[in-house]
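The values are calculated or read from the model by the stated rules, or taken from the named source; none is laboratory data. Keep in mind that this is a model prediction, so the values were computed, not measured. In this analysis, Cβ positions are derived from the backbone assuming ideal geometry, glycine residues included, and neighbour counts consider all displayed protein chains. All accessible areas refer to the heavy atoms of the entire protein, side chains included, with ligands and DNA or RNA removed. Shrake-Rupley method; radii C 1.70, N 1.55, O 1.52, S 1.80 Å.
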Amino acid sequence: MKIAEYLFIVLTILLVGCNSTKDIPFSSHSWYINDITGNVESTDTTLSFTLCSDMKEQEFLLIGNENEALKYKGLRAYLNKICSHLEVKCDSILFYAPTKGILIIGITEDKPWKPRSQSFSLLTETPYTSWVRDDDVDDWSRKPDEIYTNVLLDRAEKQLLIIDRFTYKHSDIALIHIIQTETRKFKSLGLPLWSGTWADVTDPTCLEPIANWLEGHRNVAFENFRQSHSSSDNGQ
């Protein structure tokens with residue numbers, strides 16, 4: 001094989017690799033914090049999300065559009081790579097709250113993605129969750145009254161993703177909790193304190209603090225599911 005042909009093949013492989021992470025646009029929504037409820041709300045009042053925490057406990061930052069994201073060099077690539085891990089189509093980024101470790105995106109579940117857990121009866125007083133085993137068989141088509149959860153570990157980025165998929169009003173979203181080790185690369189983004197953690201998510205000795213941070217993700221997903229259906233019932 002000629003050297004020119006070899007270089008062409010190598011370059012083609014590199015270009016395919018570079019294009020595997022798509023650029024996910026931000027949605028057209030503008031956001032603000034409701035002073036009374038503490039919810040993140042769209043200015044047209046059609047969307048409202050609770051992060052289930054006190055906004056004043058630390059330096060809170062909300063990134064909800066392209067201009068805000070571009071203030072932090074490398075952030076767009078960081079968010080795009082997170083989205084690339086999902087086995088469903090990512091349509092748009094609604095917002096990213098780094099100090100809360102939460103990213104919410106609009107999705108299209110264009111193909112089945114087997115969850116690790118399923119949550120049911122979400123509008124009752126006793127919602128429940130069942131674990132999905134490796135040998136469980138189903139068509140894995142999520143119903144509008146269910147939440148599917150997956151957990152992914154990116155060892156290279158030292159990043160743990162807890163992905164809750166559910167129907168918000170009439171749209172499907174993924175609410176992603178990000179437990180991010182403060183690597184040198186992550187610190188270079190220049191995000192506020194508490195956007196990452198001292199714990200190494202790839203180190204088993206750090207499982208206890210990580211498990212403590214993991215515990216709240218389901219409550220956040222449940223509350224947002226209920227909130228969306230409550231506002232739908234009220235005609236919003």
| Under the Karplus relation 6.51 cos²θ - 1.76 cosθ + 1.60, θ = phi - 60°, what is the ordered set of whole-Hz ³J(HN,Hα) values for the stretch 112-124, x standing for Gly and Pro? | x, 9, 4, x, 9, 8, 10, 10, 10, 6, 6, 9, 9
| field | Solvent exposure, largest accessible area first (probe 1.4 Å, DNA, RNA and ligands not counted), of 149, 183, 37 | value | 37, 183, 149
| query | Taking a 27 Å limit on the Cα-Cα distance, which of the listed pairs 73/111; 73/169; 100/169; 114/187; 111/185; 22/111 fall beyond it? | reply | 73/111; 73/169; 114/187; 111/185
| said: With a 1.4 Å probe and all protein chains left in place, how much of the accessible area of the chain comes from carbon and sulfur atoms, in whole percent? | reply: 54 percent
| message | What figure, in Å² to the nearest 10, do you get for the accessible area of residue 168 with a 1.4 Å probe and non-protein molecules left out? | response | 10 Å²
| message | Run lengths n ≥ 4 of DSSP H only: what is the helix-derived mean residue ellipticity at 222 nm for the chain, with -39500 (n - 2.57) per run over all residues, to the nearest 500? | response | -7500 deg cm²/dmol
| remark: Of all trypsin sites (Lys or Arg not before Pro) in the stretch 133-236, the ones in DSSP coil with at most 16 other Cβ atoms within 10 Å are 133, 155, 169
| note | Tilt, helix 3-19 to longest principal axis of the chain (alpha-carbon atoms), in degrees rounded to tens, equals 10 degrees
| field | Sum of side-chain charges, residue 106 neighbourhood, beta-carbon under 9 Å (Lys, Arg +1; Asp, Glu -1) | value | -2
| Under the Karplus curve 6.51 cos²θ - 1.76 cosθ + 1.60, θ = phi - 60°, whole-Hz ³J(HN,Hα) for the stretch 69-84, x wherever Gly or Pro sits | 5, 6, 5, 10, 4, x, 5, 4, 5, 4, 5, 4, 5, 4, 4, 5
| said: How much accessible area per residue does the chain have, counting only protein heavy atoms and a probe of 1.4 Å, in square angstrom? | reply: 57 Å²
| GNM result for the chain, Cα springs below 10 Å: residue of 206, 52, 83 fluctuating most strongly | 206
| note | To the nearest 10 degrees, the tilt of helix 217-233 (Cα long axis) against the first principal axis of the alpha carbons of the chain is 60 degrees
| message | For 198, 31, give me the order by solvent-accessible area with a 1.4 Å probe, most accessible first, ignoring ligands, DNA and RNA. | response | 198, 31
